[in-house]
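*Asks:* Just passing along the structure, written as structure tokens.
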2 protein chains.
Amino acid sequence: MDALRKDIHNSDVPLVCRSCEARHGGVCGALTTEQLSELSRFTSRKTINTGAELHGQGEPVRSYANILRGVVKLTKMMPDGRQQIVGLQFAPDFIGRPFSSESALSAEAATDTEVCALPKAALDRMANNSPDLERRLHNQALIELDEARDWMLTLGRKTAREKVASFLYLIATHIDPDKAEVLQFELPLTRQDIGDFLGLTIETVSRQMTKLRQEKIIHVENNRNVTVHNLATLAEVAGVDR
Amino acid sequence: MDALRKDIHNSDVPLVCRSCEARHGGVCGALTTEQLSELSRFTSRKTINTGAELHGQGEPVRSYANILRGVVKLTKMMPDGRQQIVGLQFAPDFIGRPFSSESALSAEAATDTEVCALPKAALDRMANNSPDLERRLHNQALIELDEARDWMLTLGRKTAREKVASFLYLIATHIDPDKAEVLQFELPLTRQDIGDFLGLTIETVSRQMTKLRQEKIIHVENNRNVTVHNLATLAEVAGVDR
DNA sequence: TTTCCTCCTTGATTTCGATCAAGAACGACG
DNA sequence: CGTCGTTCTTGATCGAAATCAAGGAGGAAA
């Protein structure tokens, strides 16, 4: 699964759409030179501040986006306000739902975020003519499906302690697109967001973080900067087989 | 989302692979006559008894399958035995994970099941040459992703009562491929399975079922045959917006 | 029939996480 | 500087679901 992820991200296709510039792989790597130059007439780079929505639950979707920097949370909300984060997207992930113009979830910037926005119609048209592009979108969907199912096990069967450890482990292995795992990072989510991701209250998240701190499994500074002393230990607490 | 589901299932493409015979849409509907006749040299119809595995967690995957009849549960298990059902597949769903020969989950027949097995290599080869087929697989992945994320909300944020109602609602709307919803059905899962799908114990499932029965929201016969008196009421208890 | 066996229900008790409540830490702003 | 407002932590209490325990219902096989 992680092999596949790398396959997309570290693809050796040198081309990317102009608005996005050199660094990210995203889905644009699958396009031909002509397609890219056509597409880049429509793409636009956007900065989204923490808390701002890319689009709301139930709204029609106008565009796709490649994340260049930052973290985007995908959330579902019940009529009474209960909320669940159903996915976290990191650079250089692709955001969007092919074949459907309406989204059953809302996408919100968890941190200050930069994206490259692609008009939906333009990319859909290209996907119809580029099997390689469709293949990439398909692959991204399958990776997200694997991740969603992994998380279902966390939500349904893990304890609060295991959930918090699972979250920290997830961040450590996803926050930096250049490294497979990292021992020090800034939490991209508030305690409330972490609770909404784990199906817990902020108090429970806080208490479990405190415990992990007391047990010297993590170190926390300013509530945001986390150091993991030993990733294998964290994985063990999380109940994850690495 | 359900519109898309219909799109696959009720497709007007008349062709299906020979082993599977007339009724199901599956992914075969996307194939040309030649592809079908080539494929049907390799396909085989199989009967899988309740409880038998199509394949186990971590095992390499040899084949795809179209479900002709029955219900298949996709499960993940932790080293200590805790289990979570991460997906239920009904006829005529497609089972398999394109682009990966190893599965992170196990697929097990929840009821007596009939499938049409397709050798993975043969279908992969065809998908490379048939954009329409790839499109169908892609679409199925996206539908499963939507369903997985819906369920994450259920697992993370709903009460036991809402979870059980959500499960019954899911079965009522999925058990019969010919109808959008149905008020009477045989439960395809044991209490243990329902618990593993909802992240609950069998005792809690049983108590909530008893309550729903006492409140005349459902009627249950022989522990298996359920009648839903009013689907809208059930949906409301489940916290689902229909 | 009787004996298992599996699956399900029900009751008693415990426990983990939610809820309620208070205060600490930090930054923004007058 | 002090005063908000927000976010996080900690403590006390509550409650929903888990756990522990017992027994019932139905089916298969002797």
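*Asks:* Which condition from (1) more than 23 Å from residue A:193 (Cβ to Cβ); (2) in a helix (DSSP H, G or I); (3) in contact (Cβ under 8 Å) with a residue 24 or more places away in the chain is the one that residue A:155 breaks?
*Replies:* Of the numbered conditions (1) more than 23 Å from residue A:193 (Cβ to Cβ); (2) in a helix (DSSP H, G or I); (3) in contact (Cβ under 8 Å) with a residue 24 or more places away in the chain, the odd one out for residue A:155 is (1).
*Asks:* Can you pull out the residues in segment A:58-77 that are on the phi < 0 side of the Ramachandran plot and surrounded by fewer than 16 Cβ atoms within 10 Å (Cβ to Cβ)? Steps first, answer last, please.
*Replies:* At the first step, the residues of segment A:58-77 found to be on the phi < 0 side of the Ramachandran plot are A:59-69, A:71-77.
Correct list: A:59, A:60, A:62.
*Asks:* Test residue B:199 against the stated conditions and say whether it is crowded, with 21+ Cβ neighbours inside 10 Å, within 11 Å of DNA strand C (Cβ to nearest atom) and not assigned by TED's automatic domain parsing to the domain that holds residue B:82.
*Replies:* Details: crowded, with 21+ Cβ neighbours inside 10 Å: yes; within 11 Å of DNA strand C (Cβ to nearest atom): no; not assigned by TED's automatic domain parsing to the domain that holds residue B:82: yes.
No, not satisfied.
Residue-wise test of (1) open to solvent by less than 10 Å² (accessible area, probe 1.4 Å); (2) more than 16 Å from DNA strand C (Cβ to nearest atom); (3) of a type in the set (Phe, Trp, Tyr); (4) assigned by TED's automatic domain parsing to the domain that holds residue A:226.
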site	(1), (2), (3), (4)
A:138	yes, yes, no, no
A:150	no, yes, no, no
A:166	yes, no, no, yes
A:169	no, yes, yes, yes
A:175	no, yes, no, yes
A:178	no, yes, no, yes
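*Asks:* A follow-up question, please. List the number of the failed condition for residue B:236; all other conditions in (1) open to solvent by 50 Å² or more (accessible area, probe 1.4 Å); (2) without any contact (Cβ under 8 Å) to a residue 24 or more places away in the chain; (3) within 12 Å of DNA strand C (Cβ to nearest atom) hold.
*Replies:* Every listed condition holds for residue B:236 apart from (3).
*Asks:* For segment B:206-223, give me each residue that is open to solvent by 50 Å² or more (accessible area, probe 1.4 Å), part of a loop (DSSP other than H, G, I, E, B) and either modelled with pLDDT of 95 or more or in contact with a helix residue (DSSP H, G or I) (Cβ under 7 Å, 6 or more places away or on another chain) (or both).
*Replies:* Of everything in segment B:206-223, those that are open to solvent by 50 Å² or more (accessible area, probe 1.4 Å), part of a loop (DSSP other than H, G, I, E, B) and either modelled with pLDDT of 95 or more or in contact with a helix residue (DSSP H, G or I) (Cβ under 7 Å, 6 or more places away or on another chain) (or both) turn out to be B:215, B:216.
*Asks:* Of all residues in segment B:191-242 being in contact with a strand residue (DSSP E or B) (Cβ under 8 Å, 6 or more places away or on another chain) and β-branched (Val, Ile, Thr), which is farthest from the other protein chains (Cβ to nearest Cβ)?
*Replies:* Applying the filter and picking the extreme gives B:227.
*Asks:* Sort through A:114, A:108, A:147 and tell me the only one that's assigned to a helix (DSSP H, G or I) and in contact with a Gly (Cβ under 9 Å, 6 or more places away or on another chain). Before the answer, list the steps.
*Replies:* Details: A:114 fails: assigned to a helix (DSSP H, G or I); A:108 fails: assigned to a helix (DSSP H, G or I).
It is A:147.
The values are calculated or read from the model by the stated rules, or taken from the named source; none is laboratory data. If you're wondering where the values come from, they're calculated on a predicted model, not measured in any experiment. A quick note on method: Cβ atoms are made from the backbone with ideal geometry, for glycine too, and the neighbour counts reach across all protein chains shown. Accessible surface areas use protein heavy atoms only, side chains included; no ligands, DNA or RNA. Shrake-Rupley method; radii C 1.70, N 1.55, O 1.52, S 1.80 Å.
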